[in-house]
Structure formats: C-alpha cells, structure tokens
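Below is one structure, written out as structure tokens; the observations come after it.
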Amino acid sequence: MNWRKLRTFLLTVLVLCLIPAMRYNQIDLPLLHYFAGSRKVDPLSLHLAGEFVESNLGTEQDGDGSVTVRMIAQQYLFVPHCVVVPAGVPVHLRITSADAVHALAINGTAYDVKVLPGTISEAQLQFSTPGEYKTMCREFCGAGHYAMRSELKVVPPDQFPALQTGERGSCVAQ
C-alpha cells in the first residue's frame, strides 16, 4: 500500500471532521440557544425596556454574595465601557448585542463570550486577584472593530462598593 496516499487520505478525513466541530461551537451552539427561546431579546429596543435598559447595565450585587454584570455589545463599543467586580466572588455575566455578532474577550484570562444579536449570552466568571483587565471584541464586526475595547476592574472585596437593591455599579461610580 502506498503510505503517501494513506497519509493524505487520513489528513483529509481529519480536516473534514474538524470543520464541522468548529462550526458547531462558533455558529450552531449559539443559534440553538437563540431558538431555545428563553434567552431572546429585541435588539431594536434594548435601551428602551427590559433587562438591558440603560439604567440596569453594570454590576448588580446578588443576595447570595455573587454579582451579576449586564452589558451590551454594539458597533463599536461595550456598554458600560468599564465595570467593577470584587475579587474571589462569582460573577454572572449577561451580555447581548444590539447589531452584529461580537465576541467579548478578557485579556489575561481564558474567558471569551460569543455575543449574537437577539440573544442573551451568559458566562460564569471568577477572578482570584485584583487587577485591571482590558477587554476587546474578537469577532470582526466592521470598520471600527479595532477600537472596540473596554475595561474590567477587579477590586478587593472590602473595596467593592456596597450596592443597594436596584443600584448598579460601574467605574464611574468609584
């Protein structure tokens, strides 16, 4: 048997298997979440009503001690531009897109969240040490994509502001 032909055949089969696997994680899985129905939102009215109204964006302290961060990705910025979370505390990220597909990546970590218009993407984060993390969009979203950046500040728990019910935190509040 010709080993070169066998090697070429096996390499071709491997590549053909990897393409659907990558497509599933990048495209099909977010679409399945969208069509599941529980995490839909209207991208045209995000700022007007519902969970992602502007006064509800930022960091919210939950009753169990964890925090929830709500954000909107839109060309070419993240709203709010800067958020503050406490170190060592579970962070529930809820993010949606107003216009295009984005991917929120937090530098220095393995966190990367794909964001589709009309759906709410969720991630569970936790930062063990205080610091400032730059975030960026890792999905090409248009001409201003290169400037789509924001910041995540992780502060010691004793320096995290105590938020009242209904109050939202951000870097501006500090």
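Criterion first (out of contact with any helix residue (DSSP H, G or I) (no Cβ under 7 Å at 6 or more places or on another chain), more than 28 Å from Thr165 (Cβ to Cβ) and of a type in the set (S, T, N, Q)) does Asn107 satisfy it?
So Asn107 passes the test.
Go through segment 157-171 and give me each residue that's closer than 10 Å to Val83 by Cβ and either part of a loop (DSSP other than H, G, I, E, B) or at pLDDT below 75 (or both). Reasoning before the result, please.
Of all residues in segment 157-171, those closer than 10 Å to Val83 by Cβ come to 168-171.
Across segment 157-171, the qualifying residues are Arg168, Ser170.
Go through (1) closer than 16 Å to Cys82 by Cα; (2) in contact (Cβ under 8 Å) with a residue 40 or more places away in the chain; (3) hydrophobic (A, V, I, L, M, F, W, C) and name the single condition Cys141 misses.
(1)
Inside segment 121-174, can you point out the residues that are out of contact with any Asp or Glu (no Cβ under 7 Å at 6 or more places or on another chain), under 17 Å from Gln74 (Cα atoms) and surrounded by fewer than 16 Cβ atoms within 10 Å (Cβ to Cβ)?
Glu122, Phe140, Gly142, Ala143, Gly144, Tyr146, Ala147, Arg149
Sort out which residues of segment 105-124 are within 19 Å of His81 (Cα to Cα) and free of Cβ contacts under 8 Å to residues at least 40 places away in the same chain, and write them in order of number. Before the answer, list the steps.
Within segment 105-124, the subset within 19 Å of His81 (Cα to Cα) is 105-109, 111-117, 120-123.
Ala105, Asn107, Gly108, Thr109, Tyr111, Asp112, Val113, Ala123 - these are the residues of segment 105-124 that are within 19 Å of His81 (Cα to Cα) and free of Cβ contacts under 8 Å to residues at least 40 places away in the same chain.
The values are calculated or read from the model by the stated rules, or taken from the named source; none is laboratory data. Keep in mind the model is a prediction, meaning the values are calculated, not measured. When we count neighbours, we look across all protein chains shown, and the Cβ atoms used for this are built from the backbone with ideal geometry, even at glycine.
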